[in-house]
Amino acid sequence: MIFTEFRFIIFFIIVFCLYWGLQKNWYRKVWLLLCSYAFYAAWDWRFLSLILASTIIDYLVGQMLSKPLLQSYRRNLLLVSLGTNLGLLAVFKYYNFFADSAASLLHLLGLEVHAHQLEVILPVGISFYTFQTLSYSIDVYRGKLKAVESFLDLAVYVAFFPQLVAGPIVRAADFLPQLLKPRNFSQVKVRYCLMLFLIGFIKKACISDNFAPLVDRYFSSPETYTALSSWLGVLSYTVQIYCDFSGYSDMAIACAGLLGYELCLNFDFPYFATNISSFWRRWHISLSSWLRDYLYIPLGGNRGSKLFTYKNLMVTMLLGGLWHGAAWTFIIWGALHGVALILHREWSRIMAPHQQLPLLRESLGLFLTFYWVCVTWIFFRAVDFESAFTIVKSFIFLESSGSIDLGIRSLWIFALLVLAHWAAYRGWFSEWWQRIPAWSFAVFYGLAVSAMLPFVSTSYTPFIYFQF
Amino acid sequence: MKYSFYKHKRTNRFFIYLFYCALFLATFSGGTFLIRILFPRPDIPPDIPVVSAKLRHFARHKDNYNTLFLGSSRTYRHVMPDLFDRSMAKEGYEINSFNLGIPALQLPEAHFYLNKILAMEPTKLEWVFVEYLDGFTVRTENLSTTREIYWHRTKFTFFVTQAIFVSDYNLLLKLQVIYSHFIPTLYHMTNVGEASRIIQEFLLGDHREKLIDPISPLGPLEDGFLSLEEEHKTQDYYQNRHQNFLDNIQSYKDKVNSLETQTVPLETTKPHKALVLEEMVESIEAIGATPLFLLAPSLDKQPDLIRAHSEGYVPTLFLFNDPTKFPNLYDESRRFDRDHLNDEGSREYTKLLAQRFVEYLAQNGVK
């Protein structure tokens, strides 16, 4: 059940009406839990057992950790949680990748080994909910969070349907306190949530899905296209992935908001970042902050020599790449971002005493950051290394043996989108709909939805981040 | 004390929210309606794989054809109009046929395209071969495709819903099937995808046609027949399908053997199918053409169609789903996969069809 489907709208209306119709907080949480499980079951009911298993184990671990125990015993309990959650990921997501890679390596060394493949379907959202449950057990272990008394609260936190399948990755410390307090409808920012949902819907169904055929066409056989087409193909993907993912996050945050829960901002206009560090503070914020708090800092962060810091940065980005997908192209994507972050750190250190011409530096920084992000998206999207390098050669060096031209018409649409994005970034048109009377807003919303639906692409594309 | 319903705050708020919802729905409906008036859908949309090309072709050449083949991929990939026409010409019959086979076609959708073709008023159309089709439910993954949205007009969906109501499905299945038709109808009514088509054309230009139909579905002879082997050459999907058939040949042979020995229970024609079949027959006869129903060489006995024929819903029925009568059509050397013939099998089938048609014409005194 995708957010842009009609049946999700019906599902949510039912959830919403019954949720606010119930008076007691406990009843509301039970209702939310049942609906969340039903939502997940609509994808594949067989994998409900995985979410339940992860929740039960982390609940028990949390309960044990809240007791006074020896440090070694506490560490073992944490390892149980880590082992379970990362084990699920390892089996369902990474086993075949590692088996194949090991077999390839052994083949290079002259040993013929046949890698046994597991025939498993990747459970939707597994990378997201395992990271959420990990954040719970790690925070309880560190003493930053008290273990929840009620299994229901933890179950709702893990399975909460707005963010279950594609984020944002919600921290237990942010969400669990909200579950303890009864929600009040008068505190819900209805207009803001409705507008956010509409914007997310437009980004996903009207922009991202409309670019998908062009992107698929280019990336399926890049060697047949001209160098100019490589720019159009890569830029189209840059737009597609941002609109797809941020659109989904917007809709998730809006749905949660309408139910009275606040989720963290996940995208903050990342393409306007003037350096790569800033980009990572604006792109998939919930993941980058998770990696920072649960991987980079425990590894030592920047509390050591320069080389030590860079090693930690690189490991974090490599694993961040691997999180996105079980393929070497994703690891390369992570590595490229790691290299860029390291270079930026060095550059900032060198340029610290020289702060002249800030506007020129920011403009150059914006262009270079965007250019580098586009280059890395090539590895993220390409089907294999061969086509990735073909596209890179075409994109960076403008060398291509292909003759098919995608045409430059899409540049007009890029220009419009950049303008709209800039307007949103500057906050233009973000005030008036908050000030008009409620009945005017209802009229405006009705007209906006009727005008938006014709732009919905009917070549259906599930969210890019679903198989992560 | 009299309880004042309207003075209760919570009730007040509820009715206010209800009012805003009603206002939203009213402006949404009004906006949708206005867009439909100002920007009507094209009669034949350009972006439905196979369907667009075939409808466009037929619209341009409708007065050339006196025979039409309507069906699923078992028509699209099996009936060679050129060979059929030549076989009929050898027997002294002048036939000019077109293959309107559409992959994954189901009965209600076939009825829609039939109406579409007949509404074009083809002046010379005399014979309409309709392959019997099963299935009444739109698959979930297809609910928002251009093809499903195109044919789900309100009036037509209402007719399909009527048919489902009279069916012998249990209540849950009826609701599921009705839902599967309701969604594309709603998308049709709310103009979903109309502007997206224009954006896609703008973005992709000439590449869009290749995306919709990588190979022309009209086939090399532009008669609507395109063999699986023609697509087999270029698309991995079809190569894998044929290989899968070869890897599971024993299960296919077992199924053919069981088909030979299977007795056909005389079930009553399913009421919903009877309704659609009746309407199709009426529509064809209304323009002075003759409907002829076909059962392709499939692995199903289709007892309800046999019954429909015996009950008079289907006036003429040509059966080819009998391995004892047509062993060649079931031989694995004539098959692309379980459900489809290869080129050689299609040639044989077309010739058998022509032969059967000649017998029919002779029996009915048609010269």
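Worth a mention:
- For segment B:184-196, a residue qualifies if it is of a type outside the set (D, E), within 8 Å of chain A (Cβ to nearest Cβ) and buried (at least 21 other Cβ atoms within 10 Å of the Cβ), and the qualifying residues are B:Y187, B:T190, B:N191, B:V192, B:G193, B:S196.
- Entry remark, segment A:311-344: residues being touching a residue at least 40 places away in the same chain (Cβ under 8 Å), open to solvent by less than 20 Å² (accessible area, probe 1.4 Å) and small (G, A, S) number 2 in total.
- In the set (1) touching a Cys at 6+ places or on another chain (Cβ under 7 Å); (2) crowded, with 22+ Cβ neighbours inside 10 Å, the condition left unmet by A:V140 is number (1).
- Scanning segment A:276-288 for residues that are outside any loop (DSSP other than H, G, I, E, B) and crowded, with 17+ Cβ neighbours inside 10 Å yields A:I276, A:S278, A:F279, A:W280, A:R282, A:I285, A:S286, A:L287, A:S288.
- Of all residues in segment A:396-434, those satisfying the criterion of being among the polar types (S, T, N, Q) and over 20 Å from A:G233 (Cβ atoms) are A:S430, A:Q434.
- Qualifying residue in segment A:120-128 (condition: more than 19 Å from the chain's Cα centre (by Cα), assigned to a loop (DSSP other than H, G, I, E, B), under 30 Å from A:S36 (Cα atoms) and not hydrophobic (A, V, I, L, M, F, W, C)): no
- Applying the condition of being away from every other protein chain (no Cβ under 14 Å) and open to solvent by 20 Å² or more (accessible area, probe 1.4 Å) to segment B:213-223 and asking which residue is nearest to B:L70 (Cα to Cα) yields B:E222.
- Subset tally (residues that are of a type in the set (F, W, Y), closer than 26 Å to B:M189 by Cα and either open to solvent by 20 Å² or more (accessible area, probe 1.4 Å) or within 14 Å of another protein chain (Cβ to nearest Cβ) (or both)) for segment B:116-174: 6
- Condition met for B:L226 (more than 14 Å from chain A (Cβ to nearest Cβ) and within 22 Å of the chain's Cα centre (by Cα)): yes
- Residue within segment A:37-47 that is surrounded by 15 or more Cβ atoms within 10 Å (Cβ to Cβ) and either acidic (D, E) or within 14 Å of chain B (Cβ to nearest Cβ) (or both) present: yes
- Test: residue in segment A:83-99 that is farther than 30 Å from A:F11 by Cα, charged (D, E, K, R) and either in contact (Cβ under 8 Å) with a residue 24 or more places away in the chain or surrounded by 19 or more Cβ atoms within 10 Å (Cβ to Cβ) (or both): no
- Here A:S230 fulfils each of the conditions (1) out of contact with any Phe, Trp or Tyr (no Cβ under 6 Å at 6 or more places or on another chain); (2) away from chain B (no Cβ under 14 Å); (3) part of a helix (DSSP H, G or I); (4) modelled with pLDDT under 95 apart from (1).
- Here the helices (runs of 4 or more DSSP H) wholly within segment A:360-468 that include at least 3 residues being more than 14 Å from chain B (Cβ to nearest Cβ), open to solvent by less than 20 Å² (accessible area, probe 1.4 Å) and in contact with a Phe, Trp or Tyr (Cβ under 9 Å, 6 or more places away or on another chain) are A:385-397.
- Residue check, A:A166 within 21 Å of A:L265 (Cβ to Cβ) and assigned to a loop (DSSP other than H, G, I, E, B): yes
- Positions within segment B:197-212 being open to solvent by less than 40 Å² (accessible area, probe 1.4 Å), facing chain A (nearest Cβ under 9 Å) and in a helix (DSSP H, G or I), in sequence order: B:R197, B:I199, B:Q200, B:L203, B:L204, B:H207, B:R208
- Among residues of segment A:388-399 that are without any contact (Cβ under 8 Å) to a residue 24 or more places away in the chain, those with a beta-carbon under 7 Å from a residue that is open to solvent by 50 Å² or more (accessible area, probe 1.4 Å) at least six positions away or on a different chain give the pairs A:K393/A:E399.
- Hits in segment B:276-294 - residues which are farther than 18 Å from B:T67 by Cβ and either buried (at least 20 other Cβ atoms within 10 Å of the Cβ) or touching a Pro at 6+ places or on another chain (Cβ under 8 Å) (or both): B:V276, B:L277
- Among the numbered conditions (1) open to solvent by 20 Å² or more (accessible area, probe 1.4 Å); (2) closer than 26 Å to A:F370 by Cα, the only one that A:F308 does not meet is (2).
- Restricting attention to segment B:46-89, the residues being farther than 19 Å from B:L295 by Cβ, open to solvent by 10 Å² or more (accessible area, probe 1.4 Å) and touching a helix residue (DSSP H, G or I) at 6+ places or on another chain (Cβ under 7 Å) number 5.
- Residue ID - nearest to the other protein chains (Cβ to nearest Cβ), chosen from residues in segment A:209-226 that are surrounded by fewer than 20 Cβ atoms within 10 Å (Cβ to Cβ) and of a type in the set (D, E): A:D216
- Taking the criterion of being more than 25 Å from A:C206 (Cβ to Cβ) and in contact (Cβ under 8 Å) with a residue 40 or more places away in the chain, the residues of segment A:1-23 that qualify are A:Y19, A:W20.
- The lone exception for A:W347 - which of (1) away from chain B (no Cβ under 14 Å); (2) open to solvent by less than 70 Å² (accessible area, probe 1.4 Å) it fails: (2)
- Members of segment A:237-275 that are under 30 Å from A:K29 (Cβ atoms), of a type in the set (A, V, I, L, M) and open to solvent by less than 30 Å² (accessible area, probe 1.4 Å): A:M251, A:A252, A:I253, A:A254, A:A256, A:L258, A:L259, A:L263
- Qualifying positions in segment A:7-30 - open to solvent by 50 Å² or more (accessible area, probe 1.4 Å), part of a helix (DSSP H, G or I) and more than 21 Å from B:L18 (Cβ to Cβ): A:R7, A:W26, A:Y27
- The requirement of being hydrophobic (A, V, I, L, M, F, W, C) and within 19 Å of B:S87 (Cβ to Cβ) is fulfilled nowhere in segment B:301-309; no residue meets it.
The values are calculated or read from the model by the stated rules, or taken from the named source; none is laboratory data. Just so we're clear, the structure is a prediction, and the values are computed from it rather than from any experiment. We place every Cβ from the backbone using ideal geometry, glycine too, and count neighbours over all the protein chains shown. SASA here: full protein model, heavy atoms, side chains in, ligands and nucleic acids out. Shrake-Rupley method; radii C 1.70, N 1.55, O 1.52, S 1.80 Å.
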